[in-house]
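These notes are about the structure you will find just below.
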Amino acid sequence: MDVVFALGGSVLMPKEGASTENIQNYAEAFKKLKEMGHRVSVVVGGGNTARQYISVAREFTNESFCDEIGILATRMNSMLLISALGKDAVKHVPENFKDAELILNMDKILVMGGTHPAHTTDAVSATLAEFIDADLLVIATNVDGVYDKDPRCNEDAVKLDKINTKELLEITGSASMSAGSSGVVDPLASKIIDRAKLKTIVVKGIPEEILASVTENHNGTTITP
Ligand code: U5P
């Protein structure tokens, strides 16, 4: 299967910072998927690094420039994962989808971060999945699926096992577009998922769920056209 993963920066680079064991566990999961015969792309988020830089820069500058800072954080996190993937990856973080596809055609795991301001790496992963005609997009994040309302501020929020792309648009449509925002799926990504008719799974970003996402035995939310 041709699978694109959006790996939330907050799981790769949590508040406590990077840990060798953590990065290694993710690298092992992606290598295993490649060994199983899947074509693997990983779009890495900016995590706490991006959010810290953006929160200070915002006092001085506009959102687009904050986005540019966020993009650099996503590329640094990508380099960290590339370093742990060794010969299964290429020591280059592509900045557009044409270069990204060349890396996949070299039979390597593709790792990339952001591209342009005004969206998150969720939107990058959805566009990449559309561009390379992937079979599946997996959004591996810090929540375990899509809820009917934000579970961080609604105790009665209910996790949805299966939804369609129109329902995803309704749930995520009102999310913030400011630099560093962290809704479960960025509203632009939801629109791309809908237009590209992409089968998408939202799972908790732990190696076990990343491996399970290709088997249907995951505990997340499945989104279908
Ligand atoms: N960002 C962009 N464009 C991209 C990727 C990221 O502007 O293509 C910026 C956003 O401000 C985003 C931040 O919130 O970098 C960190 O990425 P993420 O972890 O939210 O995906």
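Nothing in this text is a laboratory measurement; each read-out follows from the coordinates by a stated rule. Predicted, not measured: the structure shown is a model, and the values here were computed from it. Backbone-built Cβ (ideal geometry, glycine too); neighbour counts: all protein chains shown.
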field: Label-point separation in nm, residue 98 to residue 177, each point 7 Å along Cα→Cβ
entry: 2.7 nm
message: Please compute the length gained on full extension between residue 72 and residue 217, using 0.36 nm multiplied by the number of residues separating them and subtracting their Cα-Cα distance.
response: 48.8 nm
message: Compute the distance from the alpha-carbon center of region 100-121 to that of region 166-225, in whole Å.
response: 18 Å
- prompt: Once amide H atoms are placed 1.01 Å from N in the peptide plane, what residues at a sequence separation of 5 or more from residue 146, or on another chain, have their amide H within under 5 Å of its amide H?
  reply: 160, 221
- prompt: So what J values fall out for region 105-111 if you push phi through Karplus, 6.51 cos²θ - 1.76 cosθ + 1.60 with θ = phi - 60°, rounded to Hz, Gly and Pro as x?
  reply: 5, 8, 6, 10, 6, 8, 10
- request: Arrange 99, 186, 194, 133 by Cβ neighbour counts within 10 Å, fewest through most, would you?
  value: 133, 99, 194, 186
query: Quick one: Karplus J couplings for region 89-96, per residue in order, coefficients 6.51, -1.76, 1.60, θ = phi - 60°, nearest Hz, x for Gly and Pro?
result: 10, 10, 7, 8, 9, x, 10, 8
Amide H contacts under 5 Å for residue 2, placed H, 5+ residues apart: 39, 135, 136
message: Taking 41 Å as R0, compute the FRET efficiency from the Cβ-Cβ separation of residue 153 and residue 21 and round it to 0.05.
response: 0.80
statement: Semi-axes in Å, largest first, for region 2-223 (Cα gyration tensor, √(5λ)) are 23, 22, 17
- line: The FRET efficiency for residue 169 and residue 32, from their Cβ-Cβ distance with R0 = 45 Å and rounded to 0.05, is 0.85
- request: Past 18 Å, Cα to Cα, is the threshold; run 98/204; 32/108; 34/98; 166/199; 15/87 against it and keep the listed order.
  value: 98/204; 34/98; 15/87
- prompt: residue 162 versus residue 116, label points 7 Å from Cα toward the beta carbon: distance in nm?
  reply: 3.6 nm
- prompt: Tell me, how many Å apart are the Cα centres for region 18-32 and for region 44-73?
  reply: 25 Å
message: Apply the Karplus curve 6.51 cos²θ - 1.76 cosθ + 1.60, θ = phi - 60°, to the phi angles in region 154-161 and return the couplings in whole Hz, x for Gly and Pro.
response: 10, 4, 8, 5, 10, 6, 9, 6
